[in-house]
Amino acid sequence: MPLDTIIELKNAFIYQDDHLVLSNVNIQINKGDFVYLIGKTGTGKSSILKTLYGALPLKDGEGMIGEFDLANLKRKQIPYLRRSLGIVFQDFELLSDRTVNDNLLFVLKATGWKNKSEMELRMQEVLDKVGMGNKGYKMPHELSGGEQQRVSVARALLNDPSVILADEPTGNLDPYTTEEILNLLFDISKNGRAVLMATHDYVHMKKFSSRIIRCIDNSVISEKAVSENV
Amino acid sequence: MSTSPDKYAKKRARSSAISTVIGIALVLFMLGILSVLILNAQKLSNYVKENFVVQVFVDEDAKEAEIAKLQKEIDAEAFTRNTIFVSKKQAAEELSDELGEDFIAFLDYNPLQASIDLKLHADYAHPDSIENIAGQLESQTAVDEVVYPPNLIKNINQNVNKIGLVLLGFSILLLLIAIALINNTIRLTIYSKRFIIRSMQLVGATSAFIQKPFIVNGILQGLYASFIAISLILALLYGVRKEIPEIFGAGDLLMFVKLFGLVALLGIIISGISTLFAVRRYLRIDTRKIY
């Protein structure tokens, strides 16, 4: 495996329970890559992402993300695997019972931050990055979908992860906000991190052209870059 | 405006916590009261036994000195708790009071006998020993007759055992119900937070980190609940003591401290463990089964 490979699936078979979703998956993603994961609904985009963040077990084949071996992942390792990733969920997964600031604070505390002023500084930093710097006091349900998604991106950035996994992060957003979020994710990838993003948004894929991984008929095709006939 | 949904959510969360605490408190209260009853069953039966009166009727023609001597002799016996001499006149007055009618004026003479009312120590208030005592007293020359309610003691002895067993069975049943009830209440509370628990897992929090605040909260709830339960029990005992002052002495203080400690411990353990199990359930559950 080359030194700068950060995600790798080799001959992986991806199951939902006993149902085979994808067979013989081979993916390799390097540091600094920005990769789109596309395919019709139900073709297994989310399943690939779930396998990568430990929500689905990898029963067959080899898998590696950062320093974690997915095929032999132990239950106790899963939290640590997820800390090394930044995950942006389609349905945000914000903690609905506390403010944006407390959401971020929870992640920081859960991942071992102790110094209060450092934590506050970091929270403000990531919120500013996504343009939510003055809305930290709000509850998630007081925010629009786009704003919640930005908070979710901010949360993914908290621990400066080397990989960002995004499951249709722009699925609920207007074109303008989508562009902002995509710009943000592109900037992140330019700083030497890998971004893997599942999406349906072909319009913006043309605008932000990059490598594509396509899920079709139980298998995965990797393409170098977006071509005009997408 | 923007803070009102926030306040509403907090209010709702608090009211559900309050009903959980009250639920646990009521169950602990029932358990505590039952324990008090069991611990005091012996005392209660002693209370009845020691207030059980054996009437020793004195011969019509016995002289005052003879009666005084008899009373002294009875007082000296090991089985005697206390004796009261009731003269003919006193007996008549008491009866008149009870009847609300001056029956002596009606009858023109007093048919009642003077008696020595004997109260026994609880240890001697057993049907066999009472029979002995009665026989012994009747053989005295100054004694005409010894009278006592024949089946009362027997009934008390039998019933105390029976009631004790029933209470014990009942409290075991209640304990099981309590655990089930508290467990259910807590599970509902945790169930309503299952998505939050899942989100916490997805952002990389360890199970221990997620569990901790829930369990601290569970223990606190148990503590509040036992505090309420103990206050209720104390209030009830205070009321009972006003009616029957003999029933709890200063010597019972240790027993009550132990009992209340037990109630608090039970509250904390049941609430804490239920919370632990409920949270672990949602920590381990498959993401797709959460709905």
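Remarks
- Residues of the range A:38-52 classified as at negative phi and crowded, with 17+ Cβ neighbours inside 10 Å, total: 10
- Test: residue in the range B:148-161 that is away from chain A (no Cβ under 14 Å) and touching a strand residue (DSSP E or B) at 6+ places or on another chain (Cβ under 7 Å): yes
- Of all residues making up the range B:183-199, the number that are more than 7 Å from every other protein chain (Cβ to nearest Cβ), part of a helix (DSSP H, G or I) and either small (G, A, S) or free of Cβ contacts under 8 Å to residues at least 40 places away in the same chain (or both): 2
- Residue within the range B:244-259 that is loosely packed, with under 15 Cβ neighbours inside 10 Å and of a type in the set (D, E, K, R) present: yes
- Among residues that are among the acidic types (D, E) and closer than 22 Å to A:T111 by Cα, A:D174 is not included.
- Selection within the range B:123-166 - of a type in the set (A, V, I, L, M, F, W, C), assigned to a loop (DSSP other than H, G, I, E, B) and more than 19 Å from B:V48 (Cα to Cα): B:A142
- Residue in the range A:22-37 that is in a loop (DSSP other than H, G, I, E, B), touching a Leu at 6+ places or on another chain (Cβ under 8 Å) and surrounded by 22 or more Cβ atoms within 10 Å (Cβ to Cβ) present: no
- Within the range B:91-115, the residues that satisfy the criterion of being in contact (Cβ under 8 Å) with a residue 24 or more places away in the chain and more than 22 Å from B:S139 (Cβ to Cβ) are B:A91, B:L112.
- Just one residue in the set B:G169, B:G164 is assigned by TED's automatic domain parsing to the domain that holds B:I269, at pLDDT below 80, within 30 Å of B:F29 (Cα to Cα) and not aromatic (F, W, Y); that residue is B:G164.
- Restricting the range B:72-89 to residues that are within 37 Å of the chain's Cα centre (by Cα) and in a helix (DSSP H, G or I), the residue that is surrounded by the fewest Cβ atoms within 10 Å (Cβ to Cβ): B:A76
- Counting the residues of the range B:66-104 that are in contact with a helix residue (DSSP H, G or I) (Cβ under 8 Å, 6 or more places away or on another chain) and among the aliphatic types (A, V, I, L, M) gives 6.
Residue-wise test of (1) touching a residue at least 12 places away in the same chain (Cβ under 8 Å); (2) more than 8 Å from every other protein chain (Cβ to nearest Cβ).
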residue: A:N72; (1), (2): no, yes
residue: A:L81; (1), (2): yes, no
residue: A:L95; (1), (2): yes, no
residue: A:L108; (1), (2): yes, yes
residue: A:E120; (1), (2): no, yes
residue: A:G136; (1), (2): yes, yes
residue: A:H141; (1), (2): yes, no
residue: A:E147; (1), (2): yes, yes
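- Matching entry among A:P175, A:P161 (being surrounded by 17 or more Cβ atoms within 10 Å (Cβ to Cβ) and either away from chain B (no Cβ under 14 Å) or of a type outside the set (S, T, Y) (or both)): A:P161
- Qualifying positions in the range A:162-215 - under 18 Å from A:L49 (Cα atoms) and part of a loop (DSSP other than H, G, I, E, B): A:S162, A:E168, A:P169, A:T170, A:G171, A:R193, A:T199, A:H200, A:D201
- Residues that are more than 7 Å from chain B (Cβ to nearest Cβ) and more than 18 Å from B:R194 (Cβ to Cβ) within the range A:83-93 comprise A:S84, A:L85, A:G86, A:V88, A:Q90, listed in sequence order.
- Unmet criterion (only one of (1) of a type in the set (D, E); (2) part of a helix (DSSP H, G or I); (3) within 25 Å of B:L152 (Cβ to Cβ)) for B:E93: (3)
The values are calculated or read from the model by the stated rules, or taken from the named source; none is laboratory data. Source: prediction; values computed, not measured. Note that we place each Cβ from the backbone using ideal geometry, even for glycine, and neighbour counts take in every protein chain shown.
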